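Take a look at the structure set out below.
The values are calculated or read from the model by the stated rules, or taken from the named source; none is laboratory data. None of these values were measured; they are calculated from a predicted model. Here the Cβ is made from the backbone with ideal geometry for all residues, glycine too, and neighbour counts use every protein chain on show. Quick note on the areas: whole protein, heavy atoms, side chains included, nothing else; ligands and nucleic acids left out. Shrake-Rupley method; radii C 1.70, N 1.55, O 1.52, S 1.80 Å.
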Amino acid sequence: EAQVTQNPRYLITVTGKKLTVTCSQNMNHEYMSWYRQDPGLGLRQIYYSMNVEVTDKGDVPEGYKVSRKEKRNFPLILESPSPNQTSLYFCASSFRDRAAYGYTFGSGTRLTVV
Amino acid sequence: QKEVEQNSGPLSVPEGAIASLNCTYSDRGSQSFFWYRQYSGKSPELIMSIYSNGDKEDGRFTAQLNKASQYVSLLIRDSQPSDSATYLCAVNRGNQFYFGTGTSLTVIP
């Protein structure tokens, strides 16, 4: 089944404790992206990657890191999480011809930082 | 100014009616336009894409694009209770996507 797999689905952590949210897709998509979704603010892009070893900042990159060492994986790293990073996170992927295909989203990770 | 603006609703329509959802975007350089449906607690799901002026139909859904007015709409004909969800408008410009905050639709049986 074609899908984007995120883990974990739910995570509660404490301020300052490094964490990684994994994202993997099995559709051979070149383009991958991370979003956070907050009430009243909608989906905001954190980072995106056009292909292996190519990453770029989105609109809200502060406090996050990403890497793209393999085409299928695009982990999101929070080096020192803070409460304002409590949010619902989505990984998404698509072919480079995004106009035709749009995104496939993962199931989401609900992160709470206390 | 927000990249993409939608009326947050909630929009309520009776079963069988036409639901009309609207979206405006700020940058004339926007290239492609999408509608996603998001059920509560779930991830967004692509339902329509459009990139040329005019109408595009897919089953009960019709997307309409007017680039001169920077306006995108989604019509849902014969609305069903299962259509109750939040509908997200998205635009693509360069390497980035921009999403609206969504319109909540409730279809009343």
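Where in the stretch B:16-97 are there chymotrypsin sites (Phe, Trp or Tyr not before Pro) that are in a DSSP coil and have at most 14 other Cβ atoms within 10 angstrom of their Cβ?
Those satisfying the criteria are B:TYR39.
List the lysines whose Cα lies under 29 Å from the Cα of A:LYS17, skipping any in the same chain that are fewer than 8 positions away.
A:LYS57, A:LYS65, A:LYS69, A:LYS71, B:LYS42
In the stretch A:1-37, which trypsin sites (Lys or Arg not before Pro) are in a loop and have at most 16 other Cβ atoms within 10 Å, using DSSP for the loop call?
A:ARG9, A:LYS17, A:LYS18
Under a point-charge model restricted to the Cβ atoms of Lys and Arg (+1) and Asp and Glu (-1), what is the dipole moment magnitude of the protein assembly as shown relative to its Cα centre, in debye to the nearest 20?
For the protein assembly as shown, the charge dipole is close to 560 debye.
Please list, in chain and number order, the residues 5+ apart from B:SER12 or on another chain whose amide H is under 5 Å from its amide H, with Hs placed from the backbone.
Placed amide hydrogens put B:THR106 under 5 Å from B:SER12.
Per DSSP helix of 4 or more residues, -39500 (n - 2.57); summed, then divided by the residues of the protein assembly as shown. What does that give at 222 nm, rounded to the nearest 500?
Mean residue ellipticity, 222 nm, calculated: -500 deg cm²/dmol.
Considering only protein heavy atoms and a probe of 1.4 Å, how much of the accessible area of the protein assembly as shown is carbon and sulfur, as a whole percent?
Reported share for carbon and sulfur atoms: 48 percent.
What lysines does B:LYS56 reach when the alpha-carbon gap must be under 24 Å and sequence neighbours fewer than 8 apart in one chain are set aside?
B:LYS67
Would you mind calculating the relative contact order of chain A from Cα pairs under 8 angstrom and at least 6 residues apart, reporting the percent as a whole number?
Contact order relative to length: 36 percent.
For the pairing of chain B with chain A, what total accessible surface becomes buried, with a 1.4 angstrom probe, in square angstrom to the nearest 100?
That pair of chains buries around 1700 Å² in total.
Can you give me the accessible area per residue for the protein assembly as shown, using a 1.4 Å probe, in Å²?
46 Å²
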